[in-house]
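I have placed the structure first, in the form of structure tokens, so that the comments after it can refer back to it.
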Amino acid sequence: MSPGEWISTSMPYLTPREHGQSDAWSAELEARGQRGSQRVVHAGEVSAPPGIAELLGLPGAEPVVVRRRVIYLADEPCELTDTYYPLDIARGTRLASTAKIRGGAVTLLAELGYTGARVREDVVARMPTADERGVLRTADDEPVLHLTRVTLDRNDRPIQVDRMVMPAHRQQLRYEIRIGDRVQS
């Protein structure tokens, strides 16, 4: 695997970190001897875009909190991630700010009393929009992977929706499923 490629597994990004630990992305980079960063390009309240309100179980284009980030591996943009939260969970918290969150958003959610118990991910391949192509520095004919992750608490309430766009030729998604676990689709 070349330095610009990445094998992504979801589990570290779904588990709250111990007090004082760095976020999952930074820890994974360090363990692999690589460097990367992320830049929060926007955080705050917005009207839920099409599909997001439904995924969060909200009626219509309700206001939500979003954190929009560009993720870098070395100095190359490797992912665009928009993370949406219900307003009653995120308003007035660090989730609504562009500041770095020690331990990551999943850790902050747990501190606020919201822990994921179930996750649903959908992945599609598609051609990028002009804006995505510009930020990700891809050619006109290079497809992207578009991953949508919904995190639900133990009461099946959606607490977070992530929409990630990644250049397909630089990503490999890995899913590990324990045999015997009950999975409903």
Count - residues of region 91-106 that are loosely packed, with under 14 Cβ neighbours inside 10 Å and more than 21 Å from LEU73 (Cα to Cα): 1
Taking the condition crowded, with 20+ Cβ neighbours inside 10 Å, polar (S, T, N, Q) and touching a strand residue (DSSP E or B) at 6+ places or on another chain (Cβ under 7 Å), does THR151 pass? yes
Please give the number of the condition TYR175 fails out of (1) at pLDDT below 95; (2) surrounded by fewer than 16 Cβ atoms within 10 Å (Cβ to Cβ); (3) touching a helix residue (DSSP H, G or I) at 6+ places or on another chain (Cβ under 8 Å); (4) of a type outside the set (Gly, Ala, Ser). (3)
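When you check GLY134 against the structure, is it surrounded by fewer than 14 Cβ atoms within 10 Å (Cβ to Cβ), over 19 Å from ALA43 (Cβ atoms) and touching a helix residue (DSSP H, G or I) at 6+ places or on another chain (Cβ under 9 Å), yes or no?
No.
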From THR93, THR81, which residue is touching a residue at least 60 places away in the same chain (Cβ under 8 Å) and either closer than 19 Å to GLY44 by Cβ or out of contact with any strand residue (DSSP E or B) (no Cβ under 9 Å at 6 or more places or on another chain) (or both)? THR81
Which pairs turn up if I take residues in region 107-134 that are closer than 17 Å to PRO77 by Cα and modelled with pLDDT of 95 or more and look for partners that are among the β-branched types (Val, Ile, Thr) and part of a loop (DSSP other than H, G, I, E, B) with beta carbon separation below 7 Å, at least 6 apart in sequence or on another chain? PRO128/THR138
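The values are calculated or read from the model by the stated rules, or taken from the named source; none is laboratory data. A quick note: this is a predicted structure, and the numbers were derived from the prediction, not measured. Every residue, glycine among them, receives a Cβ derived from its backbone with ideal geometry; neighbour counts consider all protein chains shown.
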